[in-house]
Each structure stands twice: as C-alpha cells, then as structure tokens.
1. Taking into account only those residues within region A:165-177 that are without any contact (Cβ under 8 Å) to a residue 24 or more places away in the chain and surrounded by fewer than 10 Cβ atoms within 10 Å (Cβ to Cβ), which is farthest from the other protein chains (Cβ to nearest Cβ)?
2. Is it the case that B:L238 is farther than 19 Å from B:I166 by Cβ and buried (at least 22 other Cβ atoms within 10 Å of the Cβ)?
3. Please enumerate the residues belonging to region B:67-78 that are surrounded by 10 or more Cβ atoms within 10 Å (Cβ to Cβ) and closer than 9 Å to B:N140 by Cβ.
4. Could you check B:M234 against (1) in contact (Cβ under 8 Å) with a residue 24 or more places away in the chain; (2) assigned to a loop (DSSP other than H, G, I, E, B); (3) over 22 Å from B:M307 (Cα atoms); (4) of a type in the set (A, V, I, L, M, F, W, C) and say which number it fails?
5. For B:L164, are the conditions met, namely being open to solvent by 10 Å² or more (accessible area, probe 1.4 Å), more than 9 Å from chain A (Cβ to nearest Cβ) and within 18 Å of the chain's Cα centre (by Cα)?
6. For region A:1-94, please list each of the helices (runs of 4 or more DSSP H) lying entirely inside it that holds at least 1 residues being at pLDDT 85 or above and more than 24 Å from B:M162 (Cβ to Cβ).
7. Any chance you could count how many residues in region B:123-145 are more than 16 Å from B:L238 (Cβ to Cβ), part of a helix (DSSP H, G or I) and more than 11 Å from chain A (Cβ to nearest Cβ)?
8. Which pairs have Cβ atoms under 7 Å, sit 6 or more apart or on different chains, and link a residue in region A:98-112 that is farther than 20 Å from A:V22 by Cα to one that is surrounded by 10 or more Cβ atoms within 10 Å (Cβ to Cβ)?
Amino acid sequence: MIEALFFYLFAGIMLASGLMVVVSRNPVYSVLFLILAFFNAAGLFVLIGAEFLAMLLVVVYVGAVAVLFLFVVMMLDINFSEMRAGFQKYLPLGLIVGGILVFELVAAMYGDVFKGATLPEAMDISNTRALGNVIYTKYMYLFQVAGLILLVAMIGAISLTMRKREGVRRQSVAAQNLRSRAETVEVVSVPSGSSPENLSTAAVKSTKTTSRNGGNT
Amino acid sequence: MIDLLTHSYVVNVAWILAQILMVIGPLLIAVAYLTLAERRVIGFMQLRKGPNVVGPFGLFQPFADALKLMAKETILPAGANKVVFLFAPMLTFILAIVAWAVIPFGEGLVIADINVGILYLFAISSLGVYGVIMAGWASNSKYAFLGALRSAAQMVSYEVSMGLVIINVLLCVGSLNLSAIVEAQRDMWFALPLLPMFVVFFISTLAETNRAPFDLPEGESELVAGYFVEYSSMSFALFFLGEYANMILMSSMTVVLFMGGWLPPFDIFPLNVIPGPIWFILKIMLVLFVFLWVRATTPRYRYDQLMRLGWKIFLPFSLLYVVATAGFLLATDRLPTIMAG
C-alpha cells in the first residue's frame, strides 16, 4: 500500500518534470527538471529493490553528466525569443520522433516482447553482487567493448580540443625542482652608499635563468 | 496491545523522526562549535587569541553570530533568479544533512543500515556541487558565476579520484555497507596498509569541501567571496552551515573508511571500555583539527596547479593503486569472502 503510494508519487513527479524539461522556456530550468526526473527514476529503482542501480544513476547522471550539462547550458548566451520562433519550425520533427518512441513503447508493452518477462525473484544475494556476477562473467566482452567505446570517445574529445599555442608560459614543475640554488640566487654584500645596479651582473644572470626555466615569479 | 502498537506505522515513523532529531541536534551544535574552534585554533596557530569575549573562552560566540545573521535583512538582488537563488542554499544544507542517515555511530547505531551505504554517501557528496553552481548562476553576478564554474570543475575532478580510493577500500572489505567496512578494520585500520590512499582521500576531501588550500571558488582576493557573494542573512547562514556540516561529514567518511569508525585503536582494557560513539566523535575531531591546521598553514593553490594535482597525479596514482591492491589481495589469497548482505 505504502509502496504503491510512493510508486505513484515518484512516477507522477517524474512524468511532470519530464514534461517540464520540454516546455520550460529557460534551458537552465530544463536541466534542473531533468535532474529532478533522474532523482525520481532513482526512487523507482529503489522501489523495485535495485538500490545499486539507483545509486549509480545518481552518481553518474546527476553527479557528473548533468553537472557538465548545466555548466554548458549556463554559459550559453541564449536569446529566448529566437528560440521560441524556431518552435513551430521544429515541432513536426519533434512530434515524429516522439510518435515513433511512443509507438515503440506501446508495441513493446502490448506486443510479445515483455510477455514472458517478470520482475526477477528477490534473491538472498545483494544486487551489487548479482550484477557483478553477470557483468564480469557472461557479459565480459561486451563490458570491455563498452569501455573501449568510452576510451575512443575520450581520446576523440581530447584530440579535438587540444592545441599547441605559442607564447604560453606553462609551469614546469620538474624544471623548477631541478634548479639548484647556485644558478638561481646569489648572495652579494652591497657596501653602503653604492647602488645595487653597479654589481648587478649576478642579479641579471639569475633573473634570466628564472625566466628561462618558466618559474612564476 | 503493545505488539500492535510497535508494529503500527505511527510508532515506526515517530521512532525514525526521533532518531533523526537525535542526529541533527548534536550535528548543528557541532557545526556551531566547529566555527568557533576554527577561529580559535587558527588564532592560536597565528599567535592571536581569536574570539574570546562572548561567554567563557568565547563559548557563546556561535550563538551571537547566529543571532546577528538572523537579525539581518535577506537581500534579493534585482537581477537574480529568485526561485533558484533561494533554493540553492537550502539544497546545500539539505544535502549536508541527509547524508548522515547512513553514518554508523556505533555497533548498530545507524538510522538506515543500507547495503549500498558508501555509494549513497558518494552520491550525496557528489550532489553538493549543485548548491554552488545554482547559487552562482542565480545570483546573476560575474564574481559569483566565476566562483561557481571553478567550484564545479574542481568538485567533479576530485570526485573521480575519491571514487577510486573508495574502490581500494571496498576491495579489502567486500561489502558496500558502512558497518561492514568498520567491522573489517577490527584487526588493522585501513589507514596503515592503504596509507597513500588515506592521504589522497584526505586531500580530495579538502578539495571536495572547498577548503583551504583548495578554496579557489571563494578566493576572496580575486573573486570577493565567490559563489555566495550576493547572499546575506539566513540564506548566507545556510551556505555556511552546509559547508561546515559537509566538513564534519567528510571527516566522518574518512574515519569510517580508514580509521576504524567506532572501534577503539587497540582492543585492550582501558580503551575498549569507552563506548564506540565516543571513539567515533574523538576521531572525527582529530580529522577536523587537521582540516583547520591545513587552513592555517598552507597557501592557496593556483587553478592550474589544482587541476594538475587532481587529474595528472591523484587519478593515475589511485588507479595504479587499485590494480596493486587487487593484485596483492589476489596473489596472497586475501580477497574477502563476499557477505550475503
């Protein structure tokens, strides 16, 4: 009874926030509602006893992916009225995509796909262990392939954004640590009355070394 | 009749509420006195006295501060996004509080003893960034936004190495349950065999809580106060409370993962008489002292140094250590038998 109540609570909020993601005028609100939807999905996972998946959903999607998403959306300079103008133009395309998804869902629900499927029996091992047992044995190769795909995406992103620029002063920690005291600092005694510029050969030498080694002074 | 009562939802809910109050009450007092301790400890380290006027040894200073904050006006900047602006500090504070649900204070002394306790903690601590980034955006101010961007990048970076450190501990325990993690340290605290990971974890918690030397998000010399520059009165106080509650939470996470939780350091006579929660609190206080110590003695990192440390040093190092730990456990046949729970 309580469980059913929570199911409708989570499911209701999730649907409502999913709708708000689409209709919100402000894209930042959209992302925030998306996060709310993720949370309620995590709640639904907990209700069916998949607490590991629920936590992963929060850690991965809310804690990492949506943060970067929000990051980007907040930095975009968006003209809201222009976006509304494009609404009618893109509406048919959106409706087609949405329609296809709804059709697939209905076909899956009332077709043969889920006919034999039931919720898995509650076992006395935790679902962390159950997942580990299948991922690292039966689906080992698929798991590795998923990792490789992510690696390729990562390398691609890095190679797209990395560029070498001239004139950038980078800190080289190794160079800084390898400098000896002798080539950096020289202690000279300045007799009173004379200006330090007169004995500045050593001082000039030391500043040169510093800048060549990329130290930040 | 009593049977009937104990099984009714009302009694259950009331009992849970009582437990929550038993955790939140002391937690808020601890937060209040942590602010005082911080000012006093840093004062002594810098050969000053710190606040010592209000009450004996300045003990009523936190209450004076709280009264002052409550009496001030809550200012809503004209250009701010009001809803998000007010929601951000609440979110920070709520997240700092809800994580305490899974912390075991003693044997069986935990509100929710869930199977995936450590993942829950990790999830909640990774959400802390939202309070910051929402505050920065909603303030509609350059300084606040820059602070929020820095903070988001910083917290996401250090979370990665924190996750890998946690994997190290989990390899030695074989369970995600926090009580099981503490019990696994009965013979030896994980701080000893996993000492490098202990250090990495502690430094990562400094970055995760935006504390010195990683307090760039609020770097007052360049960003005034960072993401909460536009906040005043109680909305500021909520950020403040949230930050300090997060510090205590991260310390307790360190204690649970590496310092044996509620277990006494040695299982010998005068030490094992002292009840577990007292040990737990003492250890948290020790870690918190190091937090303050670091703040008093280290200069702030530069932004590129911070990123370098997180991505180029901590991440590969903790990844290598995972491999090493797993290899060692496998080679010496010490892999834990996975508990059914």
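The values are calculated or read from the model by the stated rules, or taken from the named source; none is laboratory data. Just so it is clear, the structure is predicted and the values come from calculations on it, not from any experiment. Backbone-built Cβ (ideal geometry, glycine too); neighbour counts: all protein chains shown. These area figures cover heavy atoms from the full protein model, side chains too; ligands, DNA and RNA do not enter into them. Shrake-Rupley method; radii C 1.70, N 1.55, O 1.52, S 1.80 Å.
1. Kept after step one, since they are without any contact (Cβ under 8 Å) to a residue 24 or more places away in the chain, are these residues of region A:165-177: A:165-168, A:173-174, A:177.
Checking the rest, the ones that are also surrounded by fewer than 10 Cβ atoms within 10 Å (Cβ to Cβ) come to A:165-168, A:174, A:177.
Numbers: A:R165: 14, A:E166: 18, A:G167: 16, A:V168: 11, A:A174: 12, A:N177: 14 Å.
Filtering first and then ranking leaves A:E166.
2. Judged against the criteria, B:L238 is a match.
3. Matches in region B:67-78: B:P77 only.
4. All conditions pass for B:M234, except number (2).
5. Yes; evaluated as a whole, the condition is true for this residue.
6. On the way: elements: A:2-23, A:27-47, A:51-56, A:66-75.
Correct list: A:2-23, A:27-47.
7. Going through region B:123-145 one residue at a time, the tally reaches 2.
8. Pairs that qualify, where the first residue is farther than 20 Å from A:V22 by Cα and the partner is surrounded by 10 or more Cβ atoms within 10 Å (Cβ to Cβ), are A:A108/A:F114.
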